[in-house]
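**Q** Mind looking over this structure? Questions follow.
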2 protein chains.
Amino acid sequence: MDLRHSADLIEWDERVYMPPGGVTVHGEMSAALRRLAHEKFTSDGVGRALDAARADMAGADPDSTGARMVAVAARDYARATRVPADFVAEHAAAISAAQHVWAEARGKSDFSAFAPHLQKVIDLKRRYVSFFPPADHPYDVLLDDYEPGMKTAEVRHLFDSLRQRQVAIIKSVADRPAPPAEFLTARYAEHDIWRFAVDVVTAFGFDWTRGRQDKSVHPFATGIGASDVRITTRWVEGQPLALLFGTMHEAGHAMYEQGVGGEHQRTLLEGGASLGVHESQSRLWENMVGRSRSFWNHFFPRLQAACPAQLSSVPVAAFYSAINRVQPTLIRVEADEATYNLHIMLRVELELALIEGSLRVSDLPDAWNARMREYLGLTPPDDARGVLQDIHWSAGLFGYFATYTLGNVIAAQLWDRFGRLHPSRDSDIGRGDFSALLSWLRTELHRHGRKFEPQELVERVTGSPVSPEPYLRYLEEKYAAN
Amino acid sequence: MDLRHSADLIEWDERVYMPPGGVTVHGEMSAALRRLAHEKFTSDGVGRALDAARADMAGADPDSTGARMVAVAARDYARATRVPADFVAEHAAAISAAQHVWAEARGKSDFSAFAPHLQKVIDLKRRYVSFFPPADHPYDVLLDDYEPGMKTAEVRHLFDSLRQRQVAIIKSVADRPAPPAEFLTARYAEHDIWRFAVDVVTAFGFDWTRGRQDKSVHPFATGIGASDVRITTRWVEGQPLALLFGTMHEAGHAMYEQGVGGEHQRTLLEGGASLGVHESQSRLWENMVGRSRSFWNHFFPRLQAACPAQLSSVPVAAFYSAINRVQPTLIRVEADEATYNLHIMLRVELELALIEGSLRVSDLPDAWNARMREYLGLTPPDDARGVLQDIHWSAGLFGYFATYTLGNVIAAQLWDRFGRLHPSRDSDIGRGDFSALLSWLRTELHRHGRKFEPQELVERVTGSPVSPEPYLRYLEEKYAAN
């Protein structure tokens, strides 16, 4: 864990403060630390210790920290030892090259340059799958790296349940006149928005004695254990509120890590249960809280006071409508709450077809564009704004996209559950009081870290398996009222 | 080297950006990395590789990089393997406790609380010496950790040569009226001084693509290899120029590391030849350059333009006199160029007596105060401003202080040598042109890294062994003219 923490911190530094000349020496440092951590974790000694620990835990409460620690360690160990070191090196080299070519290809909007690298990554993913016991679907193995226990069939079922009603929501608001929103793109002073965002996440409960915020090209959150959790944000000219909502989003991730129980510190139970559960925390704070009427009833006067030139004459209702506007877009990272999942569905469906072999890489751009038309009614004018927009495939992150939608769905389940337990949820937020919400998340969810598998955890907290119902209801209510 | 670089970067982070909650997890990370690096370096495999490399190098040019690499590695290996791991752990625990008690004792000015911890550190230092072959003086072993090859007898001889003339210089200026200097303690805006300091070290040649500057409680420089070298400075109310001279000082250290040849990157020849040679670089840029008339003839109008309210009516001659004022002080870190070495002499003499056993810890405060009166004519009002002022002894840094004086002496030797080779030295600086100086230092000194032992290196560059003559002449000329 010390080696992993060290690599995490060095990679944070690389993205936040490293001078450009440091890129080689930093690469060597993090590669050495990751390799050492991997060697130490996959050693025979750890295997024997695990066998002994499993024997010790025979008869123990299966929900005890000890029993779960052994189960999680055994799972991690099995995954880490199945993949040969040669493959890991080949994969690392291939995605390093692929990312480089992808960045260039996106710049020139030239999919053909990227295609052979994507093919290589897909071939490697298939080989990766072959190291594991046969699953119902080869994609299950890939999903399992990000969402332990989640099956392809479950993801398909989830998307099938979402597709139709989500498209219907978008259609229902499509004909509404666009609210006035010139204040969303006006010129603001970065430090005014920065200070307001800091005030907001401080009110949320982000613990500054165990965290900090900096700037980076792509916002992210990283936890060096629960006692040092760092977030970043960015300032984009013309999108002043991206800094604010990005801060809420990353603070959601960070508060999850800050809330992991002290007894898990420096053990394999540290961190979040899965990417989906992690994303549920960022989405909950960014969307359910940060784009709600109650939130802005309290905070809009404060934002107006911070930016009077831009906002003093804007009614809170107009601001609320503007930040919740539904508008299909070509670009996933700019998508609103209602359309976001359609971007994800499209990607997951294409990924599945690529891994199954039913879609050829050369046919991918057409398949992408056809689905964009079907789901969002838009045709990308070029591949840069289409199939080349995301870094994930070049980075080997197959199986990752589904976790964004899972995050939305789980966030709504948690939000719904909390609302039932705490009828004063919205009025608390309307007073800027988030203490009951954070305290509930801490107690029910955060403190467990990786102790429970994500689907079990969701069921423990919400009383129901992962289900799209609360999410669809949340969207339908929000946009019916908007 | 990757592990050492990682630990260096994590320790930089600890002092610059770590949130307070991270202290435990950071301590675990750097301890694990230091321990792993030590284990790997002291392994039998490295010993066998060294034996083989030594055989390979038989007959090679002894000044070749290969031959020197093996010699330096063999020296480092011998030193690292002589000291038992148990001792290292006991020493680490003792200085951790001693530093904690020292900080409290200094706060209360209570030497008696610190005395038993100091005794323990001295006992450990004696044991440390016992792991090495008998030397002419036990203190030689301690010196050697910071200044390879330097002997106690040489340090004594150096101080004997300095003592009398240095005291005479101070006496000669003691009766001069104090120049007006209220502008040195006026209120300035931190960012004005910061920007000016950045402009100055940019002009020096600090490479911002391979470095950065931040703030920390105690200024320092750290190199993650030559391609990522970081400096820090601090803002002290009432001492506005401490930020400027501190920046020049740390930039001097940093430019040394940035100048180490690329072929030494990630090898044991990376970094500086010794602490003394390192300090020569910081002192040269801070004092010989940064407190010179030529420098301020060029830069004072720029500083006046940055801070007109404080400086527009101050003549450059008055500013020059004020920043070069000689005034005995109780506190080493506030000492001027003329009195600084006397602070060091006092400490080295007491250290020697403590290690020899001729001075008891209980008699140390009286011995300190007696020497302060003798050398500087001052009596500390309490131990906080006397024997307890420095962290070094509590941190186990016996043998370290002498390197500050060596730094001053070597800086003057380099300065003198460069002046003889480049008669336009002062007029170049008077035009803000430091390129010839930096280029000469790079070629003659920096690029070698640890390749040559410090005394050999000084002789190679200056044509003379380490000698106090240029330093004393520099001071005598400076203060005769002032």
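**Q** Which numbered condition trips up B:SER96, out of (1) among the small types (Gly, Ala, Ser); (2) more than 10 Å from chain A (Cβ to nearest Cβ); (3) open to solvent by less than 20 Å² (accessible area, probe 1.4 Å)?
**A** Failed condition: (3).
**Q** Got a sec? Which helices (runs of 4 or more DSSP H) wholly within the stretch A:134-228 have at least 2 residues that are within 30 Å of A:GLY430 (Cα to Cα) and small (Gly, Ala, Ser)? Step through it out loud before you land on a result.
**A** On the way: elements: A:138-146, A:152-174, A:190-204.
Where helices (runs of 4 or more DSSP H) fall fully within the stretch A:134-228 and carry at least 2 residues being within 30 Å of A:GLY430 (Cα to Cα) and small (Gly, Ala, Ser), they are A:152-174, A:190-204.
**Q** Mind telling me which of the residues B:ALA67, B:ALA32, B:ALA55 ends up being small (Gly, Ala, Ser) and within 14 Å of chain A (Cβ to nearest Cβ)?
**A** B:ALA32
**Q** Here's something else I'd like to know. Report, by residue number, each residue of the stretch A:364-380 that is in contact with a Phe, Trp or Tyr (Cβ under 8 Å, 6 or more places away or on another chain) and outside any helix (DSSP H, G or I).
**A** If the condition is that a residue be in contact with a Phe, Trp or Tyr (Cβ under 8 Å, 6 or more places away or on another chain) and outside any helix (DSSP H, G or I), then A:PRO380 is the only one that fits.
**Q** Considering B:ASP416, B:ASP433, which residue is surrounded by fewer than 16 Cβ atoms within 10 Å (Cβ to Cβ) and modelled with pLDDT of 95 or more?
**A** B:ASP433
**Q** Further question on the same structure: Any idea which of (1) surrounded by fewer than 13 Cβ atoms within 10 Å (Cβ to Cβ); (2) under 23 Å from B:ARG360 (Cβ atoms) is the one B:ALA105 doesn't satisfy?
**A** Single failed check for B:ALA105: (1).
**Q** Could you tell me whether A:ASN369 is touching a residue at least 12 places away in the same chain (Cβ under 8 Å), among the polar types (S, T, N, Q) and open to solvent by 20 Å² or more (accessible area, probe 1.4 Å)?
**A** Yes.
**Q** Does at least one position in the stretch B:324-340 carry a residue that is small (Gly, Ala, Ser), free of Cβ contacts under 8 Å to residues at least 24 places away in the same chain and buried (at least 18 other Cβ atoms within 10 Å of the Cβ)?
**A** Yes, that holds for at least one residue.
**Q** Criterion first (over 30 Å from A:VAL289 (Cα atoms), open to solvent by 60 Å² or more (accessible area, probe 1.4 Å) and part of a helix (DSSP H, G or I)) does A:ARG127 satisfy it?
**A** Answer is yes for this residue.
**Q** Determine which single condition A:ALA153 fails, assuming it passes every other condition in (1) without any contact (Cβ under 8 Å) to a residue 40 or more places away in the chain; (2) of a type outside the set (D, E, K, R); (3) open to solvent by 30 Å² or more (accessible area, probe 1.4 Å); (4) within 30 Å of A:VAL260 (Cβ to Cβ).
**A** Failed condition: (4).
**Q** Looking only at residues in the stretch A:42-52 that are in contact with a helix residue (DSSP H, G or I) (Cβ under 7 Å, 6 or more places away or on another chain) and of a type outside the set (A, V, I, L, M, F, W, C), which one is farthest from the other protein chains (Cβ to nearest Cβ)?
**A** A:GLY47
**Q** Something else now. Taking the stretch A:349-366 only, how many residues are surrounded by fewer than 18 Cβ atoms within 10 Å (Cβ to Cβ) and in contact with an Asp or Glu (Cβ under 7 Å, 6 or more places away or on another chain)?
**A** Matching residues across the stretch A:349-366 total 0.
**Q** Shifting gears a bit: Does B:ARG234 satisfy the criteria of being away from every other protein chain (no Cβ under 11 Å) and either in contact with a Pro (Cβ under 9 Å, 6 or more places away or on another chain) or within 25 Å of B:ASP2 (Cβ to Cβ) (or both)?
**A** Judged against the criteria, B:ARG234 is a match.
**Q** When the stretch A:200-216 is examined, which residues are found to be under 23 Å from A:ASN287 (Cβ atoms), more than 7 Å from every other protein chain (Cβ to nearest Cβ), open to solvent by less than 60 Å² (accessible area, probe 1.4 Å) and not aromatic (Phe, Trp, Tyr)?
**A** A:VAL200, A:VAL201, A:ALA203, A:GLY205, A:ASP207, A:GLN213, A:SER216
**Q** Follow-up. Can you tell me how many residues in the stretch B:156-177 are small (Gly, Ala, Ser) and open to solvent by less than 60 Å² (accessible area, probe 1.4 Å)?
**A** Pass one, the stretch B:156-177, residues small (Gly, Ala, Ser): B:161, B:168, B:172, B:174.
Checking the rest, the ones that are also open to solvent by less than 60 Å² (accessible area, probe 1.4 Å) come to B:161, B:168.
The total comes to 2.
**Q** Taking the stretch B:258-275 as the region of interest, how many residues are free of Cβ contacts under 8 Å to residues at least 40 places away in the same chain and among the charged types (D, E, K, R)? I'd like the intermediate steps shown before the answer.
**A** Let us first name the residues in the stretch B:258-275 that are free of Cβ contacts under 8 Å to residues at least 40 places away in the same chain, namely B:262.
Cutting the leftovers down to among the charged types (D, E, K, R) gives us none.
Of the residues in the stretch B:258-275, 0 are free of Cβ contacts under 8 Å to residues at least 40 places away in the same chain and among the charged types (D, E, K, R).
**Q** Exactly one of (1) buried (at least 20 other Cβ atoms within 10 Å of the Cβ); (2) outside any helix (DSSP H, G or I); (3) within 14 Å of another protein chain (Cβ to nearest Cβ); (4) out of contact with any His (no Cβ under 7 Å at 6 or more places or on another chain) is unmet by B:ARG266. Its number?
**A** Failed condition: (1).
**Q** Considering only the stretch A:11-28, state which residues are among the hydrophobic types (A, V, I, L, M, F, W, C) and within 7 Å of another protein chain (Cβ to nearest Cβ). Walk me through it before giving the result.
**A** The first filter runs over the stretch A:11-28 and keeps only residues among the hydrophobic types (A, V, I, L, M, F, W, C), leaving A:12, A:16, A:18, A:23, A:25.
Residues satisfying the conditions are A:MET18, A:VAL25.
**Q** Where in the stretch A:284-344 are the helices (runs of 4 or more DSSP H), entirely inside, with at least 1 residues that are over 20 Å from A:ARG187 (Cβ atoms) and not aliphatic (A, V, I, L, M)?
**A** Helices (runs of 4 or more DSSP H) meeting the threshold: A:293-306, A:316-323.
**Q** Against the condition without any contact (Cβ under 8 Å) to a residue 60 or more places away in the chain, within 10 Å of chain B (Cβ to nearest Cβ), open to solvent by 70 Å² or more (accessible area, probe 1.4 Å) and farther than 29 Å from A:TYR128 by Cα, how does A:PRO62 come out, does it pass?
**A** Here the answer is no, as A:PRO62 does not meet what is asked.
**Q** What are the pairs with Cβ atoms under 8 angstrom where one residue, in the stretch A:170-181, is within 20 Å of A:MET372 (Cβ to Cβ) and at pLDDT 85 or above and the other, located anywhere, is assigned to a loop (DSSP other than H, G, I, E, B) and open to solvent by less than 60 Å² (accessible area, probe 1.4 Å)? Sequence gap at least six, or different chains.
**A** Pairs that qualify, where the first residue is within 20 Å of A:MET372 (Cβ to Cβ) and at pLDDT 85 or above and the partner is assigned to a loop (DSSP other than H, G, I, E, B) and open to solvent by less than 60 Å² (accessible area, probe 1.4 Å), are A:ILE170/A:VAL326; A:ILE170/A:PRO328; A:ILE170/A:ALA338; A:ILE170/A:THR339; A:VAL173/A:VAL326; A:VAL173/A:ALA338; A:VAL173/A:ASN482.
**Q** Okay, next question. Closer than 30 Å to B:ALA32 by Cβ, modelled with pLDDT of 95 or more and of a type in the set (D, E, K, R): does that describe A:GLU270? Write out each step before concluding.
**A** Numbers: closer than 30 Å to B:ALA32 by Cβ: yes; modelled with pLDDT of 95 or more: yes; of a type in the set (D, E, K, R): yes.
Taking the combined requirement at face value, the residue satisfies it.
**Q** Looking at the stretch A:235-260, which of its residues are of a type in the set (Asp, Glu) and not in a helix (DSSP H, G or I)?
**A** Passing the criteria: only A:GLU237.
**Q** Report yes if B:GLU39 is part of a helix (DSSP H, G or I), more than 14 Å from chain A (Cβ to nearest Cβ) and either surrounded by fewer than 19 Cβ atoms within 10 Å (Cβ to Cβ) or in contact with a Pro (Cβ under 7 Å, 6 or more places away or on another chain) (or both), otherwise no. If you could, list the steps in order and put the result at the bottom.
**A** Numbers: part of a helix (DSSP H, G or I): yes; more than 14 Å from chain A (Cβ to nearest Cβ): no; either surrounded by fewer than 19 Cβ atoms within 10 Å (Cβ to Cβ) or in contact with a Pro (Cβ under 7 Å, 6 or more places away or on another chain) (or both): yes.
No.
**Q** A further question on this structure: Filter the stretch A:388-407 down to the residues that are closer than 22 Å to A:VAL326 by Cα and open to solvent by 10 Å² or more (accessible area, probe 1.4 Å) and list them by number.
**A** Scanning the stretch A:388-407 gives A:GLN389, A:ASP390, A:TYR404.
**Q** I need a count of the residues in the stretch A:283-297 that are of a type outside the set (Phe, Trp, Tyr) and surrounded by fewer than 24 Cβ atoms within 10 Å (Cβ to Cβ).
**A** Residues flagged as of a type outside the set (Phe, Trp, Tyr) and surrounded by fewer than 24 Cβ atoms within 10 Å (Cβ to Cβ) within the stretch A:283-297 amount to 7.
The values are calculated or read from the model by the stated rules, or taken from the named source; none is laboratory data. Values in this document were obtained by computation on a predicted structure and should not be read as measured data. Note: ideal-geometry Cβ built from the backbone for every residue, glycine included; neighbour counts use all protein chains shown. SASA here: full protein model, heavy atoms, side chains in, ligands and nucleic acids out. Shrake-Rupley method; radii C 1.70, N 1.55, O 1.52, S 1.80 Å.
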